[in-house]
1. In segment 121-151, what residues are closer than 28 Å to Ala42 by Cβ, among the aliphatic types (A, V, I, L, M) and touching a Pro at 6+ places or on another chain (Cβ under 8 Å)?
2. Output the residues belonging to segment 174-198 that are small (Gly, Ala, Ser) and over 16 Å from the mean Cα position of the chain (by Cα).
3. Which of the numbered conditions does Ala81 fail, given that it passes all the others? Conditions: (1) closer than 16 Å to Arg36 by Cα; (2) surrounded by fewer than 22 Cβ atoms within 10 Å (Cβ to Cβ).
4. Just checking, how many residues over segment 6-25 are exposed (fewer than 12 other Cβ atoms within 10 Å of the Cβ) and touching a residue at least 12 places away in the same chain (Cβ under 8 Å)?
5. Output the residues belonging to segment 189-228 that are among the β-branched types (Val, Ile, Thr), modelled with pLDDT of 95 or more and not in a strand (DSSP E or B).
6. If you scan segment 30-53, which residues turn out to be part of a loop (DSSP other than H, G, I, E, B) and of a type outside the set (A, V, I, L, M)?
7. Could you list all residues from segment 120-145 that are over 22 Å from Thr89 (Cα atoms) and small (Gly, Ala, Ser)?
8. For segment 189-200, which residues satisfy the criterion of being open to solvent by less than 20 Å² (accessible area, probe 1.4 Å) and of a type outside the set (A, V, I, L, M, F, W, C)?
Amino acid sequence: DPDHVWVCNRDNDSVSLIDVSTQTVVAEIPVGVRPRSLSISADGNTVLVANQRGSVPLDTNFVHNGFNAGQSRGSVSVIDANTLSVTQTIDGVGVEPYGVSYAPNGAYFAVSGFRSGTMRFYNASTLAMVAEHAYPRSLNFISPGMTRNDVDEDMDGQPDLWDPRGFTIKADSQTIYVTHHKSPYVSVLNVTLDVNGVPTGVSLGAKINTDTYAPHPTQNPIPVQVLKSQGDPRFLEDIALSPD
């Protein structure tokens, strides 16, 4: 519906529906703590919202007051766009989820777990998790079969593919491009689908290095003090594919 826009209100823990023609807020719907991003189903009936803090209040941290065992460290709210209400909250989507998106085929959606280093995949109909890809997040614990070069190819002392953030899914729903927080790399995930278009497995297909500049002779990554046109690409976030 081109007359309506959905917006995440991070500080209000809510999502607003705006009527563009009248420039008014139609509804403000409470969701989880710190909603970060959302995705709308192709039929327009369902809106998914990634809640970065889940049910953990902003003033709660592990050092000072710990976490309640019942608190979710990340969730996805499922909104019925017709009744403008949350029908379900999905926990366990990863720690501090950052991005959420329906696949073009409509059969599944994916969630990037910023702090857990995960991409988790859910059946769009049943809302059940069907697959997961975990990125290597530590140089101190390298998985069997992998080398340090696999985890830190540019030798900057940090994993190439930790902290996944934004992502975009190719039209065939079988390829996903993912950005990573303090990294110049974009990862490419290959998704295996069943006959219904639901993921059965996920694997890393490639890493795209966006750092086209020569490394600093003594410091890598370069500590950027002033905004310049050169320096290590860092804090990658949004990513999109052309419609064709």
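1. To start, the set of residues in segment 121-151 that are closer than 28 Å to Ala42 by Cβ comprises 121-133.
Checking which are among the aliphatic types (A, V, I, L, M) leaves us with 124, 127-131.
Answer for segment 121-151, where residues must be closer than 28 Å to Ala42 by Cβ, among the aliphatic types (A, V, I, L, M) and touching a Pro at 6+ places or on another chain (Cβ under 8 Å): Val130, Ala131.
2. Within segment 174-198, the first condition is being small (Gly, Ala, Ser), and the residues that meet it are 183, 187, 197.
Listed by number, the list holds a single entry, Gly197.
3. Here Ala81 clears every test but (1).
4. 2
5. From segment 189-228, those among the β-branched types (Val, Ile, Thr) are 191-192, 195, 198, 200, 202, 208, 210, 212, 218, 222, 224, 226; that's our starting set.
Narrowing further to those that are modelled with pLDDT of 95 or more: 191-192, 195, 198, 200, 202.
Across segment 189-228, the qualifying residues are Val195, Val198.
6. Scanning segment 30-53 gives Gly32, Ser41, Asp43, Gly44, Asn45.
7. Applying the first criterion (over 22 Å from Thr89 (Cα atoms)) to segment 120-145 yields 134-145.
The answer is Ala134, Ser138, Ser143, Gly145.
8. Listed by number, the residues that qualify are Gly197, Pro199.
The values are calculated or read from the model by the stated rules, or taken from the named source; none is laboratory data. In this text, all values refer to a predicted model and were calculated from it rather than measured experimentally. FYI the Cβ positions are ideal-geometry reconstructions off the backbone, even for glycines, and counts take in every protein chain you see. Quick note on the areas: whole protein, heavy atoms, side chains included, nothing else; ligands and nucleic acids left out. Shrake-Rupley method; radii C 1.70, N 1.55, O 1.52, S 1.80 Å.
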